[in-house]
Each structure stands twice: as structure tokens, then as C-alpha cells.
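Notes follow the structure.
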Amino acid sequence: MALRNWDKPSCPLKSLNDGSSNYWTASSGGTNEYYYNQTDVDEEPFTVTEDSVAMTKATVGSLDAGEWSWGDNDSIGENRIYVRLSDNVDPDTKASGFIKCSELITAMQVDSGKTAILLSMIISNFGSDATIDVIFSDSGDTEKIRWRVELSEGNSPFVIDSKMVFANQDKIKIHSSSADVAMFLSGDET
């Protein structure tokens with residue numbers, strides 16, 4: 001066995017526009033609403049920001065300026081992020097990184113053909129209040145366990161001190177409403 005550490009020093013938000021590509025489509029329902037037409041966001045985000053300011057979550061099809069939602073108001077066949085920007089324009093006209101969302105990030109994945117014993121997990125929040133989901137999944141991304149942790153601003157670390165066994169390519173993912181959340185994992189891998 002060999003001791004090993006895995007860490008995520010932050011949970012950066014994912015950019016939903018690059019200033020030139022056509023990532024947003026005008027919705028057929030709702031005034032000045034646009035949906036994200038890419039398929040790389042498959043879980044509802046905790047947070048969507050407009051120019052680094054958190055948007056308010058509301059109901060798709062009746063968004064006011066500065067609001068977002070998660071749903072399918074255009075018969076796409078799957079849920080998408082919908083936004084109505086504060087100035088009521090197409091998000092594709094904005095500079096790169098103007099629209100961002102929280103996303104699921106892999107914090108740990110056991111190497112192929114190996115086994116790991118997780119000895120401890122520390123989650124810290126050095127920013128504003130945060131909602132955090134921690135997900136254990138197998139190599140095929142089938143979710144095995146999910147739990148939610150609420151950490152207030154400046155809260156001391158949340159610590160799990162337990163022995164958990166992970167097999168070939170099992171993983172731990174983290175989804176945080178705040179980019180200021182960090183995760184540190186320690187264990188043995190063989």
C-alpha cells in the first residue's frame with residue numbers, strides 16, 4: 001500500500017459562454033429567455049452567475065431580468081439552464097465567462113486496476129455560505145451515495161474520519177454552490 005492524497009483547492013464555476021460561439025438559443029416560451037444548448041451540464045447547478053453576480057432562481061417560462069431556471073420549456077427532451085439577463089440580451093453577445101454555473105467536479109478517482117482505502121476527507125469553506133453535495137460513484141458514473149453538507153461562511157472544516165474502500169476507477173465528486181470550497185482526501189492505494 002502507498003499513502004496518497006487527492007485534493008481540490010477550489011470548486012471553480014464553469015463558463016457557459018466564450019464570447020464567440022453559439023451556446024445559447026432563444027426559448028420559444030418566455031420573454032427574452034435563452035437556454036444553454038450544449039450537453040456538458042447534466043445536473044442542475046446550485047448557482048448561475050451573470051457578470052460574477054448570482055442570479056435569482058425562478059420558474060422557466062416566466063423569468064424576470066436577472067433570473068435563471070432549470071427545466072425544459074422547449075421540448076428538448078432534457079433539462080437545460082435557462083437565463084434572462086439583466087439587460088434582456090442574448091448571452092452569446094457577452095464576453096467570455098460572463099455567464100457561469102456551479103458544476104460537478106471529480107475530486108478523487110482510483111487508478112485503473114487499483115483499490116483505495118479512503119482514511120479521511122476534509123471539506124472547508126473559506127468564502128460565503130455554501131451548499132455542497134458529495135457523491136460516491138462507480139467507474140460507470142452510477143451514483144452510489146450522495147449527501148449534502150451546508151457550511152456557513154468561515155465555518156471550520158467538515159471532517160469525515162472513516163475507512164471506505166473504493167475499487168477500480170470508483171470516484172468521489174463534489175458539487176458546490178461556492179467556488180471557495182476546498183476538499184482534501186487522504187488514503188492508501190494499491
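In the stretch 121-141, what residues are surrounded by 15 or more Cβ atoms within 10 Å (Cβ to Cβ), more than 13 Å from residue 47 (Cβ to Cβ) and either hydroxyl-bearing (Ser, Thr, Tyr) or within 17 Å of the chain's Cα centre (by Cα) (or both)?
123, 124, 125, 134, 135, 136, 137 - these are the residues of the stretch 121-141 that are surrounded by 15 or more Cβ atoms within 10 Å (Cβ to Cβ), more than 13 Å from residue 47 (Cβ to Cβ) and either hydroxyl-bearing (Ser, Thr, Tyr) or within 17 Å of the chain's Cα centre (by Cα) (or both).
Take residue 63 and decide whether it is farther than 29 Å from residue 111 by Cβ and buried (at least 19 other Cβ atoms within 10 Å of the Cβ).
Working: farther than 29 Å from residue 111 by Cβ: yes; buried (at least 19 other Cβ atoms within 10 Å of the Cβ): yes.
Yes.
I'd like the residue in the stretch 142-156 that is surrounded by 13 or more Cβ atoms within 10 Å (Cβ to Cβ) and modelled with pLDDT of 85 or more and, out of all such residues, is nearest to residue 43 (Cα to Cα). Working first, answer last.
If we filter the stretch 142-156 for residues that are surrounded by 13 or more Cβ atoms within 10 Å (Cβ to Cβ), which is where we start, we get 149, 151, 155.
Filter once more, keeping what is modelled with pLDDT of 85 or more: 149, 151.
Numbers: 149: 17, 151: 21 Å.
Result: 149.
If we scan the stretch 80-99, do we find a residue that is surrounded by fewer than 21 Cβ atoms within 10 Å (Cβ to Cβ), among the acidic types (Asp, Glu), out of contact with any strand residue (DSSP E or B) (no Cβ under 9 Å at 6 or more places or on another chain) and under 20 Å from residue 17 (Cβ atoms)?
Yes, there is a match, as at least one residue in the stretch 80-99 is surrounded by fewer than 21 Cβ atoms within 10 Å (Cβ to Cβ), among the acidic types (Asp, Glu), out of contact with any strand residue (DSSP E or B) (no Cβ under 9 Å at 6 or more places or on another chain) and under 20 Å from residue 17 (Cβ atoms).
From the list 17, 22, exactly one residue is touching a residue at least 40 places away in the same chain (Cβ under 8 Å), part of a loop (DSSP other than H, G, I, E, B), surrounded by fewer than 19 Cβ atoms within 10 Å (Cβ to Cβ) and not charged (D, E, K, R). Which is it?
22
Residues that are in contact (Cβ under 8 Å) with a residue 40 or more places away in the chain, at least 2 per element: which strands (runs of 3 or more DSSP E) completely within the stretch 27-115 meet that?
By residue number, 34-36, 48-50, 80-84, 99-101, 104-109.
Only one of these is of a type outside the set (Ser, Thr, Tyr), more than 30 Å from residue 66 (Cβ to Cβ) and within 18 Å of the chain's Cα centre (by Cα): 99, 145. Name it.
The match here is 145.
The values are calculated or read from the model by the stated rules, or taken from the named source; none is laboratory data. Model, not experiment: these values are computed from the prediction. Counting neighbours? That spans all protein chains shown, and the Cβs are built from the backbone with ideal geometry, glycine included.
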